[in-house]
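Here the structure comes first, spelled out in structure tokens, and everything after it is commentary.
Each value in this text was obtained by applying a stated rule to the coordinates, not by laboratory testing. This is a predicted model, so every value here is computed, not measured. Note that we place each Cβ from the backbone using ideal geometry, even for glycine, and neighbour counts take in every protein chain shown.
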Amino acid sequence: MGMKINAQLPLPADLKAEYPLSENIVKIKERRDREIRDIFTGRSDKFVVIVGPCSADNEDSVCEYVNRLAEVNEKVSDRLMIIPRIYTNKPRTTGEGYKGMLHQPEPDQAPDLLAGIIAIRKMHTRAIEESGLTAADEMLYPENRSYLDDILSYEAIGARSVENQQHRLTASGMDIPVGMKNPTSGDFAVMLNSVVAAQSSHTFIYRGMDVTTNGNDLAHVILRGGVDKYGTCIPNYHYEDLVRLLESYQQRDLKNPAAIVDANHSNSNKQFREQIRIVSEVLHSRNYNPELKKLVKGVMIESYLEEGCQKIDENRVYGKSITDPCLGWEDTERLIYKIAEEC
């Protein structure tokens with residue numbers, strides 16, 4: 001084969017034993033998982049805000065950001081469910097570029113997967129210990145999620161992965177909400193077919209084992225916009241898009257219909273400040289239509305300590321994205337308070 005083995009990675013159980021969760025963290029996760037489940041099943045009318053960096057590139061800056069979120073959360077927790085985005089592996093359209101902390105715990109150094117899986121577990125654990133908030137991550141590689149499956153309270157499956165069979169089947173074995181993004185084409189049918197698959201039971205090979213899943217009743221959709229055949233962004237957060245999604249859900253026998261609107265990516269054409277306007281429009285649509293208010297459970301926002309983005313070089317700014325551009329903290333804080341008032 002045209003590959004070489006760099007290292008034998010530890011089994012997830014062994015890594016968890018070496019870096020265990022405290023009893024306090026276990027209790028925090030249990031409580032937050034119950035609260036999040038109540039939102040997606042309709043027992044709670046809290047609005048979900050999944051917010052944080054495009055990529056979690058530095059433990060100190062990520063934890064500082066999450067600690068700031070925790071302070072805001074104390075003021076809005078009666079209305080909102082804030083879930084920090086701590087995304088540790090990143091899809092790359094061409095396969096080139098920074099692939100996340102899982103690959104490169106130091107962005108300007110060579111990949112080191114063993115150091116990476118240790119780094120992401122330590123960062124997620126520290127974030128919970130300091131803030132009391134459990135986080136969201138992206139399931140870019142199904143075989144890797146076992147290193148974090150006792151930590152995360154939400155997972156997303158990206159636009160490039162949502163048609164992949166292994167992602168869909170693995171999602172069916174999760175016990176937390178999993179958001180299935182629309183593919184880059186914007187096709188709603190593909191996205192909803194992924195939810196059908198994730199909500200169903202399957203028998204398949206997972207990490208060398210023959211497994212059968214229960215089906216995930218909290219699988220739902222994430223609208224992130226699409227692109228046409230010319231590469232032009234086509235947003236799908238407008239009122240008409242949400243009504244179309246509602247009708248598509250009504251045509252299918254799915255449990256707990258729910259949608260999260262990703263305000264960045266192809267919805268904003270990566271014009272990061274547009275996220276403020278897009279979130280406002282989504283809130284208006286929810287308040288105008290009671291059925292949409294039940295369906296649209298939250299928004300996803302890309303945000304960091306400093307706005308914009310930067311290259312990976314020796315002059316990097318602390319807390320500024322090295323992948324897609326993000327809102328800065330001041331705009332984010334104002335936006336969260338606005339969401340709490342209007343949701």
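For region 175-234, which chymotrypsin sites (Phe, Trp or Tyr not before Pro) are in a loop by DSSP, counting at most 13 other Cβ atoms within 10 Å?
The qualifying sites are TYR230.
So, in Å, what gap is there between the alpha-carbon centers of region 79-100 and region 1-46?
If we compute the Cα centre of each part, the gap is 16 Å.
Please report how far the C-alpha centroid of region 299-343 lies from that of region 125-157, rounded to the nearest whole angstrom.
20 Å
Of the peptides 62-75, 319-332, 5-18, how do they stack up when ordered by the mean number of other Cβ atoms within 10 Å, highest first?
319-332, 62-75, 5-18
Mind listing which chymotrypsin sites (Phe, Trp or Tyr not before Pro) in region 259-318 are in a DSSP loop and have 16 or fewer other Cβ atoms within 10 Å?
Hits after loop and neighbour filter: TYR318.
Dipole of region 12-342, Cα-centred, from +1 at each Lys and Arg C-beta and -1 at each Asp and Glu C-beta, to the nearest 20 debye?
740 debye
Okay, helix-only estimate at 222 nm for the chain: each DSSP H run of n ≥ 4 adds -39500 (n - 2.57), divide by all residues, round to 500 deg cm²/dmol; what do you get?
-12000 deg cm²/dmol
Can you work out the base-10 log of I(q)/I(0) for the chain at q = 0.12 1/Å, using the Debye formula on its C-alpha atoms alone?
Values returned for q = 0.12 Å⁻¹ are -0.82.
Arrange the following residues from fewest to most other Cβ atoms within 10 Å of their Cβ: LYS122, LYS90.
LYS122, LYS90
What are the semi-axes of the equivalent ellipsoid for region 137-235, taken as the square roots of 5 times the Cα gyration tensor eigenvalues, largest first, in whole Å?
After diagonalising the Cα gyration tensor, the semi-axes are 24, 13, 12 Å.
For the residues VAL317, VAL296, what sequence is obtained by ranking on other C-beta atoms within 10 Å, fewest first?
Ordered by Cβ neighbours within 10 Å, fewest first: VAL317, VAL296.
Which of the peptides 133-141, 244-252 is most tightly packed, and how do the rest follow, judged by the mean count of other Cβ atoms within 10 Å per residue?
My ranking of the peptides, most packed first, is 133-141, 244-252.
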